[in-house]
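Student: Just passing along the structure, written as structure tokens.
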Amino acid sequence: MESLLPYITIAAMMVVIPGADTMLLVKNTLSYGPKAGRYTVLGMATGLSFWTLIAILGLAVVIAKSVFLFSAIKYLGAAYLIFLGLKSFFAKSTFSLKELQEHAKTPVKKRHNKESFLQALLSNILNPKTVLLYITIMPQFINLNENVNQQLFILASILTLLAVIWFLILVYLMDFAKKWLNNPKFQKVFQKSAGIALVSFGIKTGV
């Protein structure tokens, strides 16, 4: 395997650059609390682990070379992001800090955590850019004379770890922004802004 430093640098840049994952994380954390944010991170990590398994099995290249499969993933991913965006944009309910604290241990709260996990999981599984990452960037740092699957696993694990660390930091930072949740105007503006951003990412993914 080639030097890991250049790969770590590139992977870190890709993780930090704001995208659909970032917007989804911020939305869930500010709407339902830091625990929902952590469940979102878990969903993202699970989605990346899914593609790691797919890549090790050799299916990532097959999917990338199949116009039908790649297009199906691309448009399903785009449609799902647009759905999440519209759902956020037209959401009527808002949460105050007091309500979040009162419902922290109720089934409703658990439902939001589960939804946050599933949203992040599906968002990553249906992201065609992840497929391209595994077949374009990672191979550049793989030595074909060594165990390819082992190297791929290491590179993918580094990417997942960087993503988890960065997004957990964001959850921690967003936790400080909870005071704004008491402002209904802020909540309304943020939900609509998040919705527009997710729809935009969805359209960009489908183009």
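The values are calculated or read from the model by the stated rules, or taken from the named source; none is laboratory data. No experiment lies behind these values; they were computed from the predicted model shown. Please note: Cβ atoms are built from the backbone with ideal geometry, for glycine as well, and neighbour counts cover all protein chains shown.
Student: Restricting attention to segment 112-129, does a residue exist that is among the charged types (D, E, K, R) and modelled with pLDDT of 75 or more? Even if it seems obvious, please write down each step before you answer.
Tutor: In the first step, residues of segment 112-129 are kept if they are among the charged types (D, E, K, R); the result is 114-115, 129.
Restricting the remaining residues to those that are modelled with pLDDT of 75 or more gives 114-115.
Looking through segment 112-129, at least one residue is among the charged types (D, E, K, R) and modelled with pLDDT of 75 or more.
Student: Would you tally the residues in segment 151-207 being modelled with pLDDT of 80 or more, among the aromatic types (Phe, Trp, Tyr) and surrounded by fewer than 20 Cβ atoms within 10 Å (Cβ to Cβ)?
Tutor: Total satisfying the criteria: 3.
Student: Counting only residues that are surrounded by 16 or more Cβ atoms within 10 Å (Cβ to Cβ) and within 19 Å of Ala156 (Cβ to Cβ), how many does segment 11-34 have? Can you show your working first?
Tutor: Let us first name the residues in segment 11-34 that are surrounded by 16 or more Cβ atoms within 10 Å (Cβ to Cβ), namely 11-12, 15, 19-34.
This time we only want the ones that are within 19 Å of Ala156 (Cβ to Cβ), so: 11-12, 15, 19, 21.
So the count comes out to 5.
Student: Looking at Ala91, Ala78, Ala64, which one is surrounded by 15 or more Cβ atoms within 10 Å (Cβ to Cβ), at pLDDT 55 or above, out of contact with any strand residue (DSSP E or B) (no Cβ under 9 Å at 6 or more places or on another chain) and outside any helix (DSSP H, G or I)? Break it down into steps so the answer makes sense when it comes.
Tutor: On the way: Ala78 fails: outside any helix (DSSP H, G or I); Ala64 fails: outside any helix (DSSP H, G or I).
So the residue among Ala91, Ala78, Ala64 that is surrounded by 15 or more Cβ atoms within 10 Å (Cβ to Cβ), at pLDDT 55 or above, out of contact with any strand residue (DSSP E or B) (no Cβ under 9 Å at 6 or more places or on another chain) and outside any helix (DSSP H, G or I) is Ala91.
Student: Of the conditions (1) surrounded by fewer than 20 Cβ atoms within 10 Å (Cβ to Cβ); (2) assigned to a helix (DSSP H, G or I); (3) not aliphatic (A, V, I, L, M), Gly37 fails just one. Which one is it?
Tutor: Here Gly37 clears every test but (1).
Student: Is there any pair linking a residue in segment 42-68 that is among the aliphatic types (A, V, I, L, M) to one that is modelled with pLDDT under 90 and not in a helix (DSSP H, G or I), with Cβ under 8 Å and at least six apart or on different chains, and which?
Tutor: As it stands, the answer is none, since no pair meets every condition given.
Student: Still on this structure, I have one more. Is it the case that Leu144 is closer than 25 Å to Thr52 by Cβ, modelled with pLDDT under 75 and outside any helix (DSSP H, G or I)? Reasoning before the result, please.
Tutor: Working: closer than 25 Å to Thr52 by Cβ: yes; modelled with pLDDT under 75: yes; outside any helix (DSSP H, G or I): yes.
Against the criterion (closer than 25 Å to Thr52 by Cβ, modelled with pLDDT under 75 and outside any helix (DSSP H, G or I)), Leu144 qualifies.
Student: Sticking with this one: Based on what the data block shows, is Lys98 modelled with pLDDT of 70 or more and in a helix (DSSP H, G or I)? Walk me through it before giving the result.
Tutor: Numbers: modelled with pLDDT of 70 or more: no; in a helix (DSSP H, G or I): yes.
It is false that Lys98 is modelled with pLDDT of 70 or more and in a helix (DSSP H, G or I).
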